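Peer 1: Got a structure for you, written out below as structure tokens; questions coming shortly.
The values are calculated or read from the model by the stated rules, or taken from the named source; none is laboratory data. The structure displayed is predicted, hence computed values, not measured ones. Positions of Cβ are generated from backbone atoms using ideal geometry, with glycine treated the same way; all protein chains shown enter the neighbour counts.
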Amino acid sequence: MKESMGIVKTLQFYLTYPFVQYALIVGTLIALCAALLGVILVLKRFSYIGDGLSHVAFGALAVATLLDFGNNSIVVMPVTILAAILILRTGQNPRIHGDAAIAMLSVGSLAVGYLVMNLFSTSANISGDVCSTLFGSTSILTLTKAEVWLCVVMSIIVVIVFVFLYNRIFAVTFDENFARATGLKVSLYNNLIAIITAIIIVLAMNLVGSLLISALVIFPALSAMCIIQNFKGVVIYAAVLSVCCALTGIVLSILFSTPIGATIVVADIAVFFVNYLIGKIVR
């Protein structure tokens, strides 16, 4: 009982700090957006695109850091969006399949980023910088107010697009031929999904790092699909699970000094197995 009260008091103490409040706000918004997008990517079998784009973002971040931009997102976001559209376009090329395009961009960007950080970094701890970028570390606890507002604005845009274009996204997700036959511009909506994916990847880098972003996108969707059978139910349940796991991971990492990104992903994995078992029992 005393230990529980001590944990509650410690948490209340940490919540008085703005950087913890920023982390919780950003974590909630990113988790929400990642879950909405994750359902679409899993159903369209584009799950691996998140991993590829996260490596592109890592390479772009290394170059942006070298060029000493005040806000690295000015470089990272456009490059990642361009890469997302390029992957989509290249995937339609019969000579280069989608998975091959993702693999090329993923490995190439990761190599370029690591090379740039080793050759031109002025930091005394290059390994620490690389590890922080790849796995998130505590970068979310050092967010500025401008970065928080950027995340809020971009997250609101993503949610608004998803809500207002829900029916069209639904059609494109399940049957592109049918959507095309009804007059929908399928390529336009695929490009839109690619752009939203790139935005979320860039925003999520501060939360879980570039290597663990795919888990944030995929696990909530898979967890929801274990139990729920309809699209809208899966989207809502995935969003709830994702937000809960993100908040739980951030709080646990603050209380027990564990890596934030890894803690959130472990929470997602635990929730997936619980939902998987429930799905087996219910069905």
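Peer 1: Output the number of residues of segment 251-270 satisfying the condition of being more than 14 Å from Gly209 (Cβ to Cβ), crowded, with 19+ Cβ neighbours inside 10 Å and among the β-branched types (Val, Ile, Thr).
Peer 2: Result for segment 251-270: 2.
Peer 1: In addition: Whether any residue in segment 33-41 is modelled with pLDDT of 75 or more and over 28 Å from Ala238 (Cβ atoms) is what I want to check.
Peer 2: no
Peer 1: Take segment 131-158 and flag every residue that is modelled with pLDDT under 80, part of a helix (DSSP H, G or I) and closer than 22 Å to Gly50 by Cβ.
Peer 2: Cys131, Ser132, Thr133, Leu134, Phe135, Ser139, Ile140, Glu147
Peer 1: Please determine, by comparing only the residues of segment 241-275 that are touching a Cys at 6+ places or on another chain (Cβ under 7 Å) and not charged (D, E, K, R), which one is farthest from Val26 (Cα to Cα). Please lay out each step first, then the result.
Peer 2: Applying the first criterion (touching a Cys at 6+ places or on another chain (Cβ under 7 Å)) to segment 241-275 yields 264, 267-268, 271, 275.
Filter once more, keeping what is not charged (D, E, K, R): 264, 267, 271, 275.
Working: Ile264: 13, Ala267: 17, Val271: 21, Asn275: 26 Å.
If we take residues in segment 241-275 being touching a Cys at 6+ places or on another chain (Cβ under 7 Å) and not charged (D, E, K, R), then Asn275 is farthest from Val26 (Cα to Cα).
Peer 1: Could you go through segment 96-116 and let me know if any residue there is modelled with pLDDT under 75, crowded, with 21+ Cβ neighbours inside 10 Å and more than 20 Å from Leu41 (Cβ to Cβ).
Peer 2: no
Peer 1: Among the residues of segment 217-242 satisfying the criterion of being polar (S, T, N, Q) and modelled with pLDDT of 90 or more, which is nearest to the chain's Cα centre (by Cα)?
Peer 2: Looking at the filtered set, the residue picked out is Ser242.
Okay, residues lined up against (1) under 17 Å from the mean Cα position of the chain (by Cα); (2) in a helix (DSSP H, G or I); (3) not hydroxyl-bearing (Ser, Thr, Tyr):
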{"position": "Arg45", "(1), (2), (3)": "yes, no, yes"}
{"position": "Gly50", "(1), (2), (3)": "yes, yes, yes"}
{"position": "His55", "(1), (2), (3)": "yes, yes, yes"}
{"position": "Ala64", "(1), (2), (3)": "no, yes, yes"}
{"position": "Val79", "(1), (2), (3)": "yes, yes, yes"}
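Peer 1: Test of understanding: among Met225, Met205, which residue is of a type in the set (A, V, I, L, M, F, W, C) and either more than 21 Å from Asn72 (Cβ to Cβ) or free of Cβ contacts under 8 Å to residues at least 12 places away in the same chain (or both)?
Peer 2: Within the list Met225, Met205, the selection yields Met225.
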